[in-house]
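J.: Have a look at the structure that comes next, please.
Values in this text are rule-based calculations from the coordinates and carry no lab data. Treat the numbers as computed from the prediction; the structure is a model and nothing was measured. Ideal geometry is used to build each Cβ from the backbone, glycine not excepted, and the neighbour counts take in all protein chains shown.
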Amino acid sequence: MTPKNATLLALAILIALSPIFFPSSFYYRVGALIFVNALAVTGIVILTGWAGQISLGHAGFAGIGAYACALAPVHLGLHPALAVLLGALISAVLAWLVGRPILRLKGYYLAVASLGMGILISMVLNNERDLTRGPDGIDVPELGLRALLKDAGLDLSNGQFWYFFCGIVLILGAWLALNLRDSATGRALRALHGSEVAAKTVGMDVARLKLQAFVISAVYASISGSLLALQNKFITPDVAGFMHSVEMVTMAVLGGVGSVAGAIFGAAVLTLLPQVLTVFAEYEQLVLGLVMVLVMIFLREGVVPSILRKIRGRGE
Amino acid sequence: MSELLQFLLSGVTVGAVYALVALGFTIIYNASDVVNFAQGEFVMLGGMITVAAYAAGAPLPLAALVAIVVTAALGVAMNKLTIEPARGAPVVSLVIITIGASIFIRGAAQLIFGKQIHTYPAFSGDDPIRILGATILPQSLWVIAGSVAVFIGLWLFFTRTLLGRAVLATSNNRLAAQLVGINTTFVMTLSFALSAGIGALAGVLVTPITMTSYDVGLAFALKGFAAAMLGGMGNPKGALVGGFLLGLLEGLTAGYISSQYKDAAAFIVILAVLFFLPQGLFGRKSTDRV
C-alpha cells in the first residue's frame with residue numbers, strides 16, 4: 001500500500017473507532033474541534049511545508065469563512081452550505097489579490113503582509129458593529145443537514161453529527177492535499193522549496209506556483225472557519241485573531257510542517273492540551289512560543305516525520 | 001490649518017517610535033539577514049520593566065536605565081538560545097523561531113506583569129506646548145529627540161568606529177569578514193544587544209503617552225517592519241525616513257478618515273510598497289547569489 005493510502009486509511013480508522021473509547025459525549029465535541037483545526041493546518045502544510053512560504057494571518061481567512069456563514073444566510077438569503085462556498089470564494093480571491101504582488105519577492109514578505117492582512121480583517125470584524133455585532137459575537141444559522149439525516153432514518157446527536165461530519169471533511173481535505181502533493185504542481189512546489197533558483201532554471205513559474213499554494217491554503221482555512229461557526233452556531237472575531245493564526249502555525253510546526261499526518265497529530269495535541277489541562281489557558285502563549293522555537297531548533301521536520309524516520313531505520 | 005498641524009505633530013511623535021523600531025530591525029537584518037519578529041516585544045519590555053522598577057521604588061531615570069539594560073541582555077539571550085543554534089536554517093524556519101520567541105516573551109510578560117494597562121509619569125510634566133494653535137506634549141519632544149539621537153549615534157558608530165565597521169563588513173560578507181579576523185559571533189551578539197536596547201528605549205520614551213500592556217509588541221513590530229520596508233530594508237536612513245512617513249500617514253488617517261482604522265495605514269503601506277517599489281525609497285536592487 002502506498003504511504004498516501006496508508007495515511008488516509010489510518011485516519012479513517014482512527015475517526016471511526018475513537019468514539020468507542022470516549023468516556024463521555026463531550027469528547028465528540030473535542031474530536032470535531034480537532035478535525036476542524038487539522039483541516040486548517042493541512043492548508044498550512046501545503047503553503048509552508050511544500051511551497052516554503054509562511055503566513056501569519058491565516059486566521060483572517062478562517063474569519064471570512066466563519067462570518068460568511070453568519071451573515072450570508074441573513075443578508076443574502078443564501079443556504080448556509082452555499083455560504084461556506086461563498087466564504088471560500090472570497091478567501092481565495094483575497095489570497096490571490098494579496099499574494100500576487102508579494103510572492104514574487106523573498107520569504108519573509110508574505111509573513112509580514114499576511115500578518116497585516118489578518119490584523120486588518122479582525123479589525124473590521126471588531127469595528128463594523130452594524131454588520132458583525134462587534135466583539136460580542138453573532139449567531140450562526142443551523143446547517144440543517146442533521147435534520148435531513150434524521151428524516152432519512154439516521155438519528156445522530158448534535159455532537160455525534162459534527163464529529164463524523166467534520167471527520168469526513170477532514171479525510172476529503174487530506175485526500176485532496178495528498179493528491180496535490182503527488183501531482184505535477186505538488187512535485188514542482190516541493191522542488192521549489194528545495195531550491196528556488198534550480199526550480200527557476202528548469203523553467204518553473206515559481207511565483208505562480210507559490211500563489212496557487214497560498215490560495216489553496218486560504219480555502220482550507222476558510223472552510224475550517226465555516227465549520228467552526230456552523231457547529232458552534234455562534235462566532236466571535238477571535239476566530240480571525242492573531243493568536244489563532246499562531247496556533248495554526250504551531251500545530252503544523254509541532255507535527256511536521258511537511259506532512260499531512262503530522263498536521264493532524266499537531267492539531268490533535270494542541271487542541272487536546274487545553275481540554276485536559278485547565279491551567280493551560282494561562283500559559284498558552286508561553287507554551288506555543290516554546291514549542292515553535294524548540295521544534296525548529298531540535299526537530300526541524302516536526303515530531304511525526306522524525307518518528308517515522310526512526311521507525312524506518314533511516315536514522316541520520 | 002491648526003487641525004492639520006495637530007495631526008502632523010501627533011504623526012511625527014508616533015513616527016519617531018516607528019523609526020526606532022525600524023532601526024532595530026535594520027541592525028539585526030544587516031548583521032544576520034534575520035527578520036526579527038520579536039522586535040516589537042523589546043518595545044513592550046522597555047515600557048513594562050520601567051513600570052515594574054518604578055513601582056518598586058526606583059527613581060524614573062534609574063528605572064528606565066534598568067529597563068534598557070535588562071532588555072538588551074534579553075536580546076543577547078534570545079540570540080544565543082534561539083538564533084545561533086539555528087544558524088543556516090531556511091528563512092521560513094528563522095521566521096518561525098523569531099515569531100515563537102516573540103509569543104514566548106509575550107506569554108512570560110503576561111504572567112509576570114499581568115494583563116492590566118500600565119503607565120508612569122511623563123519626564124517633563126504634562127503641560128502641553130502651544131505651536132501655531134496646535135499643541136504638543138513635552139514627552140513627544142523626548143520621543144522625537146530620542147530617535148534622532150539614536151540615529152546620529154548609530155551613524156557615528158557605523159562610520160567612525162572600528163567596531164561599527166566590523167559590523168558593516170560582516171553584513172556585507174560574513175565569510176570574508178571572518179577571514180580578516182572579525183569575530184562575527186561577537187558582532188551578532190552586539191547587534192542583538194543594540195537592537196533590543198534601542199527597542200527598549202522606544203518603549204521607555206513612548207509609554208507615558210500611549211501606555212503599555214503585555215500585548216502591545218505585535219503592533220509595533222508590524223509598523224516598524226512597514227517603516228523599514230518603506231525606507232528600503234537594511235538602510236538606516238530609510239528606516240528613519242520610513243518611520244516618520246508612516247507616522248505622518250497614520251496621524252492623517254486617524255484625523256481625517258477614522259481613528260479606528262489608523263492601524264490599517266501600516267498594512268496599506270506594506271502592500272503599496274510591495275506593489276510599486278519593492279526596494280523601498282532608499283533600497284538597492286538585490287540579486288540572489290547561487
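J.: Quick check, is A:SER245 away from chain B (no Cβ under 14 Å), surrounded by 19 or more Cβ atoms within 10 Å (Cβ to Cβ) and among the polar types (S, T, N, Q)?
T.: no
J.: Next question, about the same structure. Of the residues A:ALA218, A:ALA191, A:ALA199, which is buried (at least 19 other Cβ atoms within 10 Å of the Cβ) and away from chain B (no Cβ under 14 Å)?
T.: Result of the check over A:ALA218, A:ALA191, A:ALA199: A:ALA218.
J.: Additional query: Count, please, the residues in region A:269-300 that happen to be within 22 Å of A:TYR27 (Cβ to Cβ) and surrounded by 22 or more Cβ atoms within 10 Å (Cβ to Cβ).
T.: Total meeting the criteria: 1.
J.: Can I ask one more? Of all residues in region A:197-232, how many are in contact (Cβ under 8 Å) with a residue 24 or more places away in the chain and among the charged types (D, E, K, R)?
T.: Total satisfying the criteria: 1.
J.: Taking the residues in region B:218-275 that are of a type in the set (Lys, Arg) and in a helix (DSSP H, G or I) as candidates, determine which candidate is farthest from the other protein chains (Cβ to nearest Cβ).
T.: It comes out as B:LYS237.
J.: Only one of B:THR189, B:THR135, B:THR159 is surrounded by fewer than 22 Cβ atoms within 10 Å (Cβ to Cβ), at negative phi, outside any helix (DSSP H, G or I) and among the polar types (S, T, N, Q); which?
T.: B:THR135
J.: Return the residue satisfying two criteria in turn: it lies in region B:201-217 and is hydroxyl-bearing (Ser, Thr, Tyr) and assigned to a helix (DSSP H, G or I), and of such residues it is nearest to the other protein chains (Cβ to nearest Cβ).
T.: B:THR210
J.: Applying the selection to region A:122-131, what residues are at the interface with chain B (Cβ under 10 Å from one of its Cβ atoms) and either surrounded by 20 or more Cβ atoms within 10 Å (Cβ to Cβ) or of a type in the set (A, V, I, L, M, F, W, C) (or both)?
T.: Scanning region A:122-131 gives A:MET123, A:VAL124.
J.: For region B:83-111, name all the residues that are in contact (Cβ under 8 Å) with a residue 24 or more places away in the chain, more than 7 Å from every other protein chain (Cβ to nearest Cβ) and more than 20 Å from the chain's Cα centre (by Cα).
T.: Correct list: B:GLU84 only.
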